[in-house]
1. Looking at SER26, SER62 in this structure, which one is part of a helix (DSSP H, G or I), free of Cβ contacts under 8 Å to residues at least 60 places away in the same chain and of a type in the set (Gly, Ala, Ser)?
2. Whether any residue in the stretch 20-32 is surrounded by 12 or more Cβ atoms within 10 Å (Cβ to Cβ), closer than 18 Å to LYS79 by Cβ and not hydrophobic (A, V, I, L, M, F, W, C) is what I want to check.
3. Does ILE46 satisfy the condition of being of a type outside the set (Gly, Ala, Ser) and part of a loop (DSSP other than H, G, I, E, B)?
4. Do the conditions hold for LYS52, that is, is it of a type in the set (D, E, K, R), part of a loop (DSSP other than H, G, I, E, B) and at pLDDT below 95?
5. Could you list, ordered by first residue, the pairs with Cβ atoms under 6 Å in which the first is in the stretch 44-56 and more than 14 Å from GLU75 (Cβ to Cβ) and the second is at pLDDT 90 or above and of a type outside the set (Lys, Arg), at least 6 apart or interchain?
Amino acid sequence: MTQIIDRQMIYAILKDVTGEEENNISDSSKLTQDLGIDSLQFVRLILEIEMKSQRKIFNVLSISKLETVGDLINECLKKGGIL
C-alpha cells in the first residue's frame, strides 16, 4: 500500500540526511549550495523518499532537474505523493 508523503516528512528526511535543523530548510533552499548535499546524500534522500512513499517517484531526467527543496516537493506532487 502506497503512503502519502507530506511536506513535513520531506523536511524531516532532509534534516536527517543533512543534519540541518528544519527551521533552516525552506522550499527555496538549494539542495547542494544551501544544504550541502553531496552525491551520496542525494541518493540517500531520493531512496528514503521513495521508501517512505512506497512508490517510484523519480527518474534520471527528473533527478537531474532538482535544484531546490521546492523542486523536490513539486516532483513528489506530480506523482501524487505530497499533501
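1. Result of the check over SER26, SER62: SER62.
2. yes
3. Here the answer is no, as ILE46 does not meet what is asked.
4. No: the conditions fail for LYS52.
5. ARG44/VAL17; GLU48/ILE13
The values are calculated or read from the model by the stated rules, or taken from the named source; none is laboratory data. Only a predicted model underlies this, so the values are computations on that prediction, with no experimental measurement involved. Because the Cβ atoms are built from the backbone with ideal geometry, glycine has one as well, and the counts that use them run over all protein chains shown.
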